[in-house]
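Student: Submitted below is the structure of interest, expressed as structure tokens.
Bear in mind that the values in this text are calculations on the coordinates, not laboratory data. These numbers come from a predicted model, not from an experiment. So basically every Cβ, Gly included, is an ideal-geometry build from the backbone, and we count neighbours across all protein chains shown.
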Amino acid sequence: MDILISGLLLGGTYALMAMGLNLQYGVARIMNLANGEMLVLGGLSAFWLFTASAVSPLLTAIIIAPLSFIGNWLIYRYLLLPLVRRSKNQGQLEVDSILATFGMSFALVGVMVSIHGEYFTYSYLADPLSVFGSTVALNRAVAFVAAVAIGGALYFWLNRTYAGTAVRAVSVSAEASGLVGINVDRISAFAFALGGAVTAIGGTLISTFITLDASIGVLFTMKALIIIIMGGVGDIRGAIIAALILGLVETAVATIVDPGLTLASAYVIFLAVLLFRPQGLFGRRTT
């Protein structure tokens, strides 16, 4: 039971990392390698406000979400949209976006190091909580509930609203969406900005129980990419389920085998999905 509870909570953490990038790559087709740094920025904001003014990270998440949305919209509009418009095919766009966001990730690391170069951590909602006989930290439970709530809200919005339907249409085919009157550039910019906001919220919540530093973002990005490929690009439901599976597997390996093999177990799953189901658990087969 301890493995199950701990694995689910870890999976919730991974879901917070992956949902934002899934929107950005699944809809806007931007492989944002600076996603992890955006998450760390959200965590750094929560750290600053909590240590300086005792502002709850939960309140910080509400404050940082619209700011991150605006910032990511500006990044898409002035940095990435020119790449989208000049690209002749999807492959060229992915290569260009990888190079652009890879450079942006280094720039963000440099900014964070210059502002706050050392590790940062703080204690918030670290009280023990009993769940089905297992003791867990309250902050991890809160992050898990938030991941489920955010994932549920995104899934409902994408599948039950007109705007969400337009977003899903663009994720399937930008060309066909344009032919039926959907403003593809506007929808892509909105999806990229929304993904950035979700990532920043995840950073504020994760910072309550993980020690962060400027250079750790690359690890978050790698885990998010594994989850997206496992669950299916653009599928929020798949991202959540893949995150939970990854959390359960890593927890089981760390508990039963060796903690040093958790990352290896993640890549074994990743390679298995690439070999036997490259479209992911819920992805669409290419024709």
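Student: Anything in region 207-220 that is closer than 14 Å to Ala18 by Cα and surrounded by fewer than 24 Cβ atoms within 10 Å (Cβ to Cβ)? List them, or say none.
Tutor: Val218, Leu219
Student: So which residues in region 185-220 are of a type outside the set (A, V, I, L, M, F, W, C), assigned to a helix (DSSP H, G or I) and closer than 14 Å to Gly36 by Cβ?
Tutor: Gly195, Gly196, Thr199, Gly202, Gly203, Ser215, Gly217
Student: Write out, first by first residue and then by second, each pair whose Cβ atoms fall under 7 Å of each other, whose residues are 6+ apart or on separate chains, and whose first residue, in region 137-150, is touching a residue at least 24 places away in the same chain (Cβ under 8 Å) while the second is in a helix (DSSP H, G or I) and polar (S, T, N, Q).
Tutor: Listed by first residue and then by second, the contacts come to Ala143/Thr13.
Student: Additional query: Of the numbered conditions (1) in a helix (DSSP H, G or I); (2) surrounded by 21 or more Cβ atoms within 10 Å (Cβ to Cβ), Val268 fails exactly one; give the number of that condition.
Tutor: Among (1) in a helix (DSSP H, G or I); (2) surrounded by 21 or more Cβ atoms within 10 Å (Cβ to Cβ), Val268 violates only (2).
Student: Can you tell me which residue is nearest to Met112 (Cα to Cα) among those in region 17-57 that are surrounded by fewer than 24 Cβ atoms within 10 Å (Cβ to Cβ) and β-branched (Val, Ile, Thr)?
Tutor: Looking at the filtered set, the residue picked out is Thr51.
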